[in-house]
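Below: one structure, written as structure tokens.
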Amino acid sequence: MNPICKAVLLVMCSVLVLTISDPVHMLVFVALVLAAKERYRARGVMTKGIIVFSATIFLAQAVFNHSGEEIARWFVFELTTGGVTDGITIAGKFLSLIMMSWVFVATTTPADLSSALTSAGFPYRYAFLPALSMRFVPVFRFELAAVREAQVTRGMRLDMSLRGVARSARYTTIPMLMTAMSKVNAVAASMSGRGFGMHATRTQLKPVKMTASDLAFLAASGASVVLAFFVTRCPSLQVV
């Protein structure tokens with residue numbers, strides 16, 4: 001599939017998930033996103049952290065949001081329908097947006113994205129930026145692991161407590177920043193040596209152009225997203 005079609009579909013689904021207010025619809029959408037994530041083996045830098053943070057959002061809403069009718073009570077803690085509903089929708093929106101981005105990255109190569117944007121008429125200087133950003137994600141992940149191992153070798157404790165997370169961020173931010181700047185300087189020097197940006201146009205080794213099947217899929221996806229939007233926003237169209 002053309003990467004531009006996948007990017008447009010990602011934007012449409014992101015807008016759709018932000019408009020969902022029904023917890024049942026949110027759970028269905030999250031299940032579909034998680035199924036796509038497992039199908040394409042999409043992995044992020046902080047997969048467990050994102051899931052734990054989503055669970056924390058749900059628990060915070062369930063504990064501190066007292067809107068709606070009371071479901072249960074334990075000592076000073078009160079569980080209400082509004083807290084559960086808001087917890088599911090807010091945590092589901094956060095989790096869905098992150099997971100959909102991971103699926104897009106897992107199914108799109110930087111070269112194809114840059115070539116598709118260039119074929120669509122974008123200046124190749126700007127079309128190269130997202131591809132370059134995607135290419136450096138695994139590099140920075142490896143560098144982060146190397147920095148953390150070096151800090152552990154020097155005797156720094158890295159635990160999952162709040163103090164441990166703050167300590168880890170404090171002593172890994174500066175080394176990662178220096179590593180990123182060195183990588184940027186090396187890439188800039190390499191691109192300048194190859195004459196990148198000297199000409200208004202640039203030939204492509206493997207151009208990725210929009211096909212009829214891509215347009216048909218994009219139209220069908222757009223119609224599905226619009227239909228889902230009306231189903232989630234119009235109670236008269238929902239099936240009881």
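The values are calculated or read from the model by the stated rules, or taken from the named source; none is laboratory data. Note that the coordinates shown come from a computational prediction; the quantities given were computed from them, not determined experimentally. In this analysis, Cβ positions are derived from the backbone assuming ideal geometry, glycine residues included, and neighbour counts consider all displayed protein chains.
Looking only at region 36-51, filter to residues that are modelled with pLDDT of 80 or more and surrounded by 12 or more Cβ atoms within 10 Å (Cβ to Cβ); which one of those is farthest from K93 (Cα to Cα)? The extreme case among them is Y40. The residue list V103, V165 contains one member that is hydrophobic (A, V, I, L, M, F, W, C), over 21 Å from the mean Cα position of the chain (by Cα), surrounded by 13 or more Cβ atoms within 10 Å (Cβ to Cβ) and in a helix (DSSP H, G or I), which is V165. Here S54 meets each of (1) under 30 Å from L205 (Cβ atoms); (2) in contact with a helix residue (DSSP H, G or I) (Cβ under 7 Å, 6 or more places away or on another chain); (3) among the hydroxyl-bearing types (S, T, Y) with one exception, condition (1). Considering L129, L95, the condition of being surrounded by 20 or more Cβ atoms within 10 Å (Cβ to Cβ) and part of a helix (DSSP H, G or I) is satisfied by L95 alone.
Starting from region 126-141, take each residue that is touching a residue at least 40 places away in the same chain (Cβ under 8 Å) and list its partners that are among the aliphatic types (A, V, I, L, M), counting only C-beta distances under 7 angstrom and pairs at least six apart or across chains. The qualifying pairs are F140/A180; R141/V45. Among the residues of region 16-41, what is the count of those that are touching a Phe, Trp or Tyr at 6+ places or on another chain (Cβ under 8 Å) and assigned to a helix (DSSP H, G or I)? So the count comes out to 4.
Contact map, region 201-222: residues that are within 18 Å of L113 (Cα to Cα) paired with residues that are among the aliphatic types (A, V, I, L, M), Cβ distance under 6 Å, separation 6+ or inter-chain. Pairs shown: V208/A116. Within region 188-211, none of the residues are within 23 Å of the chain's Cα centre (by Cα) and among the aliphatic types (A, V, I, L, M). Select from region 106-125 the residues that are assigned to a helix (DSSP H, G or I) and either out of contact with any Lys or Arg (no Cβ under 7 Å at 6 or more places or on another chain) or touching a residue at least 40 places away in the same chain (Cβ under 8 Å) (or both) and list them in ascending order. Correct list: A106, A111, D112, L113, S114, S115, A116, L117, T118, S119, Y124, R125.
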